[in-house]
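Notes follow once the structure below has been shown.
The values are calculated or read from the model by the stated rules, or taken from the named source; none is laboratory data. These numbers come from a predicted model, not from an experiment. Glycine also receives a Cβ, built like all others from the backbone with ideal geometry; neighbour counts cover every protein chain displayed. We work out accessible area using only protein heavy atoms, side chains counted, and drop any ligands, DNA or RNA first. Shrake-Rupley method; radii C 1.70, N 1.55, O 1.52, S 1.80 Å.
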Amino acid sequence: MPERRTVALVTLGCARNEVDSEELAGRLEADGWALVENAEDADVAVVNTCGFVEAAKKDSVDALLEANDLKGHGRTQAVVAVGCMAERYGKELAEALPEADGVLGFDDYADISDRLQTILSGGVHAAHTPRDRRKLLPISPAERQAATDVALPGHGAAADAEPAPADLPEGVAPASGPRAPLRRRLDGAPVASVKLASGCDRRCSFCAIPSFRGSFISRRPGDVLNETRWLAEQGVKEIMLVSENNTSYGKDLGDIRLLETLLPELAEVDGIERVRVSYLQPAEMRPGLIDVLTSTPGVVPYFDLSFQHSAPAVLRAMRRFGDTDRFLELLDTIRSKAPEAGVRSNFIVGFPGESEADLAELERFLNHARLDAIGVFGYSDEEGTEAAGYDGKLDEDVVAERLARVSRLAEELVSQRAEERVGETVRVLVESVDEEDGVYGRAAHQAPETDGQVRLTEAQGLRVGEFVEAKVIATEGVDLVAEPVGGALPAAGAFPGGRAERAEATG
């Protein structure tokens, strides 16, 4: 019997890319490929790139070059770029980076096995010419669900793709509908992301994402529920709903309030103990959605609100809405219903035309907002965006100074917010157990990767995947230090040990 072809998936960027990588993994394993963790052990290294900002693009190029260095020194024979950067630049990336043996766009995902086999056999698959993916779907959201010939990563195969094999390997999610993806988990973490939708209809002047991710289209509730049930069977305890804009979910399905209906159903899935919603647009927040997020058992009161700035003039130039006082009113509404609610956001400083008064207005908002986590980015031109053509660009050293200034303030403020939680009792999902490093997890107000974490003291006997009630006794910057109060809560199917055993369990 011939040796199975091996492939490693290296994922950069956001949680949406992680979901896409697991879809690619499911397709490849279903077609006979063996998944390996390290690129040096793979015949093909597939790098799922990020194309959002310059730093992310640089990281993607570095990862491709690092994988290319393995060729000739081990098993690796080919390096292939997929993901947002590959989709956004296509031929241009292939020409600029000959070290990549292939540059595959989203339209190639349904045939990923054939594409990799062609490249591995010495053939060439021509990189695509990038196109504005917003033009692939109808302008009317109500007509988009019928456009099943458009490739949508994380939504499953297009209608004309070959059906998945009936005898799937163990650990691969079955495709339960025309838009339900194959999926294979790439780690054993007790939390997993579920894609709620793809694309974005907003036209923020600084953002290029809609041009390569396309217009907004929701996944059907049944597909989201089925995927969540499958994840629960794999031992997942917390799901995080991801998309470019979760507050728009359902508008193309005829019900803009569909998320309010779906969330309680997801929370009732057997084995799922925590449901988290990411990326919410402040301008689209509805009273009913706030009510569901703050009062539904199993749905955490967590608000990942995309403020970006709070000075009205800057927001208008960004083609966004709101101001400091309206944003603070929104936060007051949330906290009146759930005082313990977690809130995070990102902000851009140094936007074209931003004055000192605008920056002071942003600082006023930050000082009053009591955010749990704050991301601050300095503005830089993104090709193809409206803002790239704006007048009033600030000098790079001015942008750098403002970035440093607001970052210092943000660090101080999130530390203060963490200190406010001393004395609270939090429900912690244990995510790592290590004899040297200790026991770490996350409370309800902390999302994976982007926010802080909780270090548990006096926590003998805890296992990854368990929940534990703990009292916050101290802080370490944005992180909390907490002491269990009554032992671990039962969590069926928890992993039996720490990081090493989790790695072994996911093979």
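When you scan the stretch 236-273, how many residues do you find that are at pLDDT 95 or above, over 17 Å from the mean Cα position of the chain (by Cα) and among the small types (Gly, Ala, Ser)?
3
Within the set of pairs 6 or more residues apart or between chains, which connect a residue that is closer than 14 Å to Tyr249 by Cβ inside the stretch 266-288 to a residue that is in a helix (DSSP H, G or I) and hydroxyl-bearing (Ser, Thr, Tyr) with Cβ atoms less than 8 Å apart?
Leu266/Thr228; Leu280/Thr247; Gln281/Thr247; Gln281/Ser248; Glu284/Thr247; Glu284/Ser248; Met285/Thr247; Arg286/Thr247
For the stretch 37-51, give me each residue that is under 17 Å from Asp101 (Cα atoms), open to solvent by less than 10 Å² (accessible area, probe 1.4 Å) and of a type in the set (Gly, Ala, Ser).
Of the stretch 37-51, the ones under 17 Å from Asp101 (Cα atoms) are 39-40, 42-49.
Keeping just the survivors that are open to solvent by less than 10 Å² (accessible area, probe 1.4 Å) gives 42, 44-49.
Listed by number, the residues that qualify are Ala42, Ala45.
Within the stretch 92-104, which residues are touching a strand residue (DSSP E or B) at 6+ places or on another chain (Cβ under 8 Å) and of a type outside the set (A, V, I, L, M, F, W, C)? Reasoning before the result, please.
Here is the first cut: in the stretch 92-104, the ones touching a strand residue (DSSP E or B) at 6+ places or on another chain (Cβ under 8 Å) are 93-94, 97, 99-104.
Within the stretch 92-104, Glu99, Asp101, Gly102 qualify.
Please return the ranges of helices (runs of 4 or more DSSP H) entirely within the stretch 53-152 where 1 or more residues are in contact (Cβ under 8 Å) with a residue 40 or more places away in the chain. Spell out how you get there, then give the answer.
Working: elements: 54-68, 84-89, 91-96, 112-120.
Where helices (runs of 4 or more DSSP H) fall fully within the stretch 53-152 and carry at least 1 residues being in contact (Cβ under 8 Å) with a residue 40 or more places away in the chain, they are 54-68, 84-89, 112-120.
Residue by residue through the stretch 245-269, note down the ones that are farther than 20 Å from Gly342 by Cα, open to solvent by 10 Å² or more (accessible area, probe 1.4 Å) and not small (Gly, Ala, Ser).
Lys251, Leu253, Asp255, Ile256, Arg257, Leu258, Thr261, Glu265, Glu268, Val269
When you check Glu412 against the structure, is it exposed (fewer than 14 other Cβ atoms within 10 Å of the Cβ) and within 24 Å of the chain's Cα centre (by Cα), yes or no?
Working: exposed (fewer than 14 other Cβ atoms within 10 Å of the Cβ): yes; within 24 Å of the chain's Cα centre (by Cα): no.
When the stated conditions are applied, Glu412 does not pass them.
Among the candidates Ile272, Ile290, single out the residue that is surrounded by fewer than 22 Cβ atoms within 10 Å (Cβ to Cβ), more than 20 Å from Ile374 (Cβ to Cβ) and out of contact with any strand residue (DSSP E or B) (no Cβ under 7 Å at 6 or more places or on another chain).
Details: Ile272 fails: out of contact with any strand residue (DSSP E or B) (no Cβ under 7 Å at 6 or more places or on another chain).
Going through Ile272, Ile290 in turn, just one is surrounded by fewer than 22 Cβ atoms within 10 Å (Cβ to Cβ), more than 20 Å from Ile374 (Cβ to Cβ) and out of contact with any strand residue (DSSP E or B) (no Cβ under 7 Å at 6 or more places or on another chain): Ile290.
Ser407 passes all but one of (1) under 14 Å from Val349 (Cβ atoms); (2) surrounded by fewer than 17 Cβ atoms within 10 Å (Cβ to Cβ); which number fails?
Failing condition for Ser407: (2).
Could you grab the pairs with beta carbons closer than 8 Å, sequence gap of 6+ or different chains, first residue in the stretch 405-419 and at negative phi, second one open to solvent by 30 Å² or more (accessible area, probe 1.4 Å) and part of a helix (DSSP H, G or I)?
Listed pairs, sorted by first residue: Val406/Glu363; Leu409/Glu363; Leu409/Asn367; Leu413/Asn367.
State which residue is surrounded by the most Cβ atoms within 10 Å (Cβ to Cβ) when the search covers only the stretch 439-468 and only residues that are of a type outside the set (A, V, I, L, M, F, W, C), assigned to a loop (DSSP other than H, G, I, E, B) and free of Cβ contacts under 8 Å to residues at least 60 places away in the same chain.
Among them, the one singled out is Glu466.
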